[in-house]
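The values are calculated or read from the model by the stated rules, or taken from the named source; none is laboratory data. Quick caveat, the model's predicted, so the values are computed rather than measured. All Cβ positions, even for glycine, are placed from backbone atoms using ideal geometry, and neighbour counts span all protein chains on display. Remember, those area values only see protein heavy atoms, side chains included, never the ligands or the DNA or RNA. Shrake-Rupley method; radii C 1.70, N 1.55, O 1.52, S 1.80 Å.
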Amino acid sequence: MFRQGSRFLSRASTMRWRRPFSTDLPAEAAADSNFVEAWRKAIPNVEPPITPSSFMTTRPATPSSIPSKLTVNFALPYSSELSGKEVDMVIIPATTGQMGVLPGHVATIAELKPGVLSVHEGNDISKYFVSGGFAFVHANSFADIIAVEAVPLDRIDPNLVQKGLTDFTQKLSTASTDVEKAEAQIGVDVHSALNAALTG
């Protein structure tokens, strides 16, 4: 067993990574010429089908130097809050903790938890309360943030937040089924995060 292990280690050290990283791929979408050629041989009088990649815009190439701005897209299911906005920094409420994203940030996917999303542009800071979602940070200094629900922080009424927190805390203590407990716990978590966002 040990003899084969040493052979595996020596072979592994000489192997090269054959698959390119996503940042090494060309920005232009390459058409599959083999597929198109095979299609034309099989069905010469019908155009090849249009694939989903035909409808996508080409991905911007990864710049050789770090840009001075981060380009942010912030979308909700019913609207787009920011589209291609160039900012200095974004702080997102990831499930692993607050995450600051600057230009040149390493490519990352982060799940969002209820909390404050801050968009920093010079001296201006726009704050949104997000209920959850995902953030996709790309190597080319683009960030796509998708939230289930988001509200500008200055549009939240602190009195309603306190009332909601009290109501859900009471529901949690009187809940009898697992579903009622889960729903009440979600309400407590969201209203606690809202309260922390307003007071902090």
**Message:** Take the residues in the range 132-153 that are without any contact (Cβ under 8 Å) to a residue 24 or more places away in the chain and either over 26 Å from Glu86 (Cα atoms) or outside any loop (DSSP other than H, G, I, E, B) (or both); name whichever of them is most open to solvent (accessible area, probe 1.4 Å).
**Reply:** Val151
**Item:** Restricting the range 25-51 to residues that are open to solvent by 100 Å² or more (accessible area, probe 1.4 Å) and within 28 Å of the chain's Cα centre (by Cα), the residue that is modelled with the lowest pLDDT
**Value:** Glu28
**Complete:** Going through the range 167-200 in order, the residues found to be under 16 Å from Lys127 (Cβ atoms) and either among the hydrophobic types (A, V, I, L, M, F, W, C) or open to solvent by less than 50 Å² (accessible area, probe 1.4 Å) (or both) are Ala193, Leu194, Asn195, Ala196, Ala197, Leu198
**Request:** Report, by residue number, each residue of the range 81-96 that is surrounded by fewer than 16 Cβ atoms within 10 Å (Cβ to Cβ) and not acidic (Asp, Glu).
**Result:** Ser83, Gly84, Thr95, Thr96
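Just the residues that are open to solvent by less than 100 Å² (accessible area, probe 1.4 Å) and of a type outside the set (A, V, I, L, M), please, taken from the range 154-166.
Result: Asp157, Pro158, Gln162, Gly164, Thr166.
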**Prompt:** Of everything in the range 97-131 that's in contact with a Pro (Cβ under 7 Å, 6 or more places away or on another chain) and among the aliphatic types (A, V, I, L, M), which residue is most open to solvent (accessible area, probe 1.4 Å)?
**Reply:** Val116
